[in-house]
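The values are calculated or read from the model by the stated rules, or taken from the named source; none is laboratory data. Because the structure is a prediction, the values reported are computed rather than measured. Heads up, the Cβs are rebuilt from the backbone with ideal geometry, glycines too, and the neighbour counts pull from every protein chain shown.
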Amino acid sequence: MTVEATLRAVRLGQTAERLAAAEELERVATQEHVATLETIVARELDHYVQASIERAVAAAKSRPSQRHSAVEPAAVGADLSTTAAVRASAIRETTARIVHELTRLVGAVGAEASDEISEFSTSRTNAAIERLLSLIEGVDRLSRAAAVPLNREFELGTVVRDVVAVEASRHATVEVIDEGPDSLTISSDPDLLRLILHNAVGNACEATESLQDKQVQQPVVVGWGKTDRDVWIAILDRGVGLSKSKNVFEFGQTSKSGHHGVGLALAKQAAESLGVDIALEPRQAGGAAFAIRLSTLDHLA
């Protein structure tokens, strides 16, 4: 479908068609379409379609017209970066609104239930409400993981050791060993990297804690270093191993009772935002190996 046909659809289609067309315009509209989009958004009554068209306007303003015969490579990079920032901001804003409303509604349900149910604090109803609130919080954190990275230089070892210290204190019965160079400066977003590491190290500790025979419990090992091609971080455990799920990084995939399968989905989203590769695989003698790889071309300071 051409841009002109998409503009017609966003003007004349049914709500679902207008929304789909508006989302397409977020990807393809350029500066020459801004005036038309601003006219359309002024007349649009549906909130979600209106928000999508507004994002299309913001993206179009930063995207050069296709009528120009040549575009500098630097301009292309700036365009992609700006578009990514606009999209991430829109996702965050929309999710924040939904999370706020859901939290308010679930809180109201909990308040009513506490008045109507005796011994509410120990009831299954309260436990279900707490699980729902935890899931809503997970969705909120997932949207934060989609943020555009704020890259800066930092010592990788410092970040890894900070995460190890926190997770070791949370899982006092598990020994966590860190092994890596003291000086390895990289350029990345340390907050998004911490999010990945906390999930990886925390999961390794939980898998180790879940062993029925505590006498065979082995330490979780967190190592890091670099090769000619990449900077790597590895988290190795000899815990209960992986579930049989085909894609452990999908939202909702978990083998843990009372969990919602948010953690690894968060790690995956953060990795995509950072532009790094992550993998979680079973180890031959039991347990799992979580690997993070950052290209030296993009991330080595």
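Things to note:
- Hey, Asp230 crowded, with 16+ Cβ neighbours inside 10 Å, of a type in the set (Asp, Glu), within 19 Å of Ile292 (Cβ to Cβ) and modelled with pLDDT of 90 or more or not: yes
- Among the residues of segment 176-197, the one identified as modelled with pLDDT of 95 or more and farther than 14 Å from Gly157 by Cβ is Val176.
- Tally, over segment 178-237, of residues that are charged (D, E, K, R), assigned to a loop (DSSP other than H, G, I, E, B) and farther than 26 Å from Thr296 by Cα: 1
- In segment 153-166, the count of residues that are within 16 Å of Gly263 (Cβ to Cβ) and free of Cβ contacts under 8 Å to residues at least 60 places away in the same chain is one or more.
- Residue in segment 123-137 that is at pLDDT 85 or above and exposed (fewer than 12 other Cβ atoms within 10 Å of the Cβ) present: yes
- Positions within segment 39-65 being over 30 Å from the mean Cα position of the chain (by Cα), assigned to a helix (DSSP H, G or I) and over 17 Å from Ala5 (Cα atoms), in sequence order: Ala42, Arg43
- Residue list for segment 281-301, restricted to those being polar (S, T, N, Q) and assigned to a strand (DSSP E or B): Ser295
- Reported count of residues in segment 101-121, each being surrounded by 13 or more Cβ atoms within 10 Å (Cβ to Cβ) and not hydrophobic (A, V, I, L, M, F, W, C), is 3.
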